[in-house]
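Trainee: The structure is given below, and queries will be raised subsequently.
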Amino acid sequence: MTSTPLPAFADVAGRFTGRIEDALDQYTPPDPDCPPVLREAIRHSLLGAGKRLRPLLVLLAAEACGAAPEEALPAACAVEMVHTYSLIHDDLPAMDDDDVRRGRASCHRQYGEAVAILAGDALLARALEILARDVRPPAVAAACCAALAAAAGPTALVGGQVDDLRAEQEGGDLAALEAIHRRKTGALIRVSLSLGALVARADAPRRAALDTYGRHLGVAFQIVDDLLDLQGDETAMGKRAGKDAARGKLTFPGVLGVAPSRTRAARLVTEACDALLPLGERGGDLQALARYVLERNG
Ligand code: GRG
């Protein structure tokens, strides 16, 4: 860890969230070929009150490796689009059946199931289009497309989601739980760091440092998410609490207990921050973000 005091996370986020919101808005313009209800549904979910953690990770990783954050904005928007697609589909009755998301009605509650499924599909496709078209040079764009598609695919996000749904019926142990969340929640967090590093053409030691940080942060994020579902405030979270227990989900507090889960999350955050050592003081903002993940209430 750096010896200088960490910046406040609110200041770190404040430098970037306006730019992220503007870019997401600009990436969803009206188009005569896009039905207005589809654009509305996409924007309803995408522009809701998300924390924008994944795009922030992309921008901070790029900056920590010496790139201008603006260069990483297309990749930041792409990962937020994939994340939003996964939230829309996760909220569907066939999956978690949630009626509130990002402080508003979930997409299918507002627009119906068919439009919600299609809004998710459209976001996934748009994310890859943005990477392929707006990341430069083309070789870096191709690497970003491959990385994000893999993180969203059957061995990562989607595979983790399938195993998570199955674990509701069949249960599982700590190893199964970690394997689910390394993929379901962790993969998109981890790839956010990789996208920033790719855009910045970071060298191998920096790429490895960011990857280790992302791997630990992803699991810590999920543990805190499980704890918030048990004990958190619905208004701060912008979604319902208490859903995991109601569905019989396999969770960290369920398997380990509340206090050991918190200890485990804290240890993972420390390991994540320690991994940033090769970045020196440039890793300070990412350390502040990791501390926020542990202390957040929403
Ligand atoms: C449907 C393929 C598919 C995957 C679904 C995203 C997901 C996988 C499930 C969501 C359920 C859930 C609560 C997962 C825990 C971790 C998580 C991804 C929480 C939501 O992320 P935040 O808190 O959300 O960063 P915001 O809205 O702030 O962006």
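Bear in mind that the values in this text are calculations on the coordinates, not laboratory data. Fair warning: this is a prediction, and the values are worked out from it, not measured in the lab. Here the Cβ is made from the backbone with ideal geometry for all residues, glycine too, and neighbour counts use every protein chain on show.
Trainee: Being within 16 Å of the ligand (Cβ to nearest atom) and out of contact with any helix residue (DSSP H, G or I) (no Cβ under 7 Å at 6 or more places or on another chain) is the filter here, so list the residues in the range 26-49 that pass it.
Mentor: Arg43, Gly48, Ala49, listed by residue number.
Trainee: Does the range 239-286 hold any residues that are in contact with a strand residue (DSSP E or B) (Cβ under 7 Å, 6 or more places away or on another chain) and either within 21 Å of Phe9 (Cα to Cα) or surrounded by fewer than 20 Cβ atoms within 10 Å (Cβ to Cβ) (or both), and which are they? Full working, then the answer.
Mentor: Of all residues in the range 239-286, those in contact with a strand residue (DSSP E or B) (Cβ under 7 Å, 6 or more places away or on another chain) come to 239-240.
If the condition is that a residue be in contact with a strand residue (DSSP E or B) (Cβ under 7 Å, 6 or more places away or on another chain) and either within 21 Å of Phe9 (Cα to Cα) or surrounded by fewer than 20 Cβ atoms within 10 Å (Cβ to Cβ) (or both), then Arg240 is the only one that fits.
Trainee: Let me confirm something: among Tyr111, Tyr85, which residue is surrounded by 20 or more Cβ atoms within 10 Å (Cβ to Cβ) and more than 18 Å from the chain's Cα centre (by Cα)? Spell out the reasoning first.
Mentor: Details: Tyr85 fails: more than 18 Å from the chain's Cα centre (by Cα).
Exactly one of Tyr111, Tyr85 is surrounded by 20 or more Cβ atoms within 10 Å (Cβ to Cβ) and more than 18 Å from the chain's Cα centre (by Cα), namely Tyr111.
Trainee: Of all the residues that make up the range 134-164, how many are assigned to a helix (DSSP H, G or I) and touching a residue at least 12 places away in the same chain (Cβ under 8 Å)? Spell out how you get there, then give the answer.
Mentor: Step one: filter the range 134-164 for residues assigned to a helix (DSSP H, G or I), giving 134, 138-152, 157-164.
After this cut, where a residue has to be touching a residue at least 12 places away in the same chain (Cβ under 8 Å) as well, the list is 134, 140, 143-145, 147-152, 157, 159-161, 163-164.
Here the count works out to 17.
Trainee: Further, regarding this structure: In the range 213-235, what count of residues is obtained for those that are away from the ligand (no atom under 11 Å from the Cβ) and outside any helix (DSSP H, G or I)?
Mentor: 1
Trainee: Given the criterion surrounded by fewer than 17 Cβ atoms within 10 Å (Cβ to Cβ) and closer than 17 Å to Thr185 by Cα, identify the matching residue among Gly218, Gly298. Lay out the reasoning, then the answer.
Mentor: Details: Gly218 fails: surrounded by fewer than 17 Cβ atoms within 10 Å (Cβ to Cβ).
Exactly one residue qualifies, and that residue is Gly298.
Trainee: Hey, another quick one. How many residues, within the range 85-98, are more than 7 Å from the ligand (Cβ to nearest atom), free of Cβ contacts under 8 Å to residues at least 40 places away in the same chain and either out of contact with any Lys or Arg (no Cβ under 8 Å at 6 or more places or on another chain) or not charged (D, E, K, R) (or both)? Walk me through how you get there before you give the answer.
Mentor: The initial filter retains those residues of the range 85-98 that are more than 7 Å from the ligand (Cβ to nearest atom), namely 85, 88, 91-94, 97-98.
Restricting the remaining residues to those that are free of Cβ contacts under 8 Å to residues at least 40 places away in the same chain gives 91-94, 97.
Filter again for either out of contact with any Lys or Arg (no Cβ under 8 Å at 6 or more places or on another chain) or not charged (D, E, K, R) (or both), leaving 92-94, 97.
Selection size over the range 85-98: 4.
Trainee: Residues to consider are Ala64, Ala8; find the one that is surrounded by 19 or more Cβ atoms within 10 Å (Cβ to Cβ), more than 11 Å from the ligand (Cβ to nearest atom) and in contact (Cβ under 8 Å) with a residue 40 or more places away in the chain.
Mentor: Numbers: Ala8 fails: surrounded by 19 or more Cβ atoms within 10 Å (Cβ to Cβ).
Within the list Ala64, Ala8, the selection yields Ala64.
Trainee: While we're looking at this one, here's another question. Has the range 258-277 got any residue that is part of a helix (DSSP H, G or I), in contact with a helix residue (DSSP H, G or I) (Cβ under 6 Å, 6 or more places away or on another chain) and under 20 Å from Lys243 (Cβ atoms)?
Mentor: Among the residues of the range 258-277, at least one is part of a helix (DSSP H, G or I), in contact with a helix residue (DSSP H, G or I) (Cβ under 6 Å, 6 or more places away or on another chain) and under 20 Å from Lys243 (Cβ atoms), which makes the answer yes.
Trainee: Looking only at residues that are touching a residue at least 40 places away in the same chain (Cβ under 8 Å) and assigned to a helix (DSSP H, G or I) in the range 236-257, which one is nearest to Asp98 (Cα to Cα)? Steps first, please.
Mentor: So in the range 236-257, the residues touching a residue at least 40 places away in the same chain (Cβ under 8 Å) come out as 236-240, 243, 247-252, 255-256.
From the residues that got through so far, the ones that are assigned to a helix (DSSP H, G or I) too are 236-237, 243, 247, 252, 255-256.
Details: Ala236: 16, Met237: 13, Lys243: 9, Arg247: 11, Phe252: 21, Val255: 23, Leu256: 26 Å.
Across the range 236-257, the extreme among qualifying residues is Lys243.
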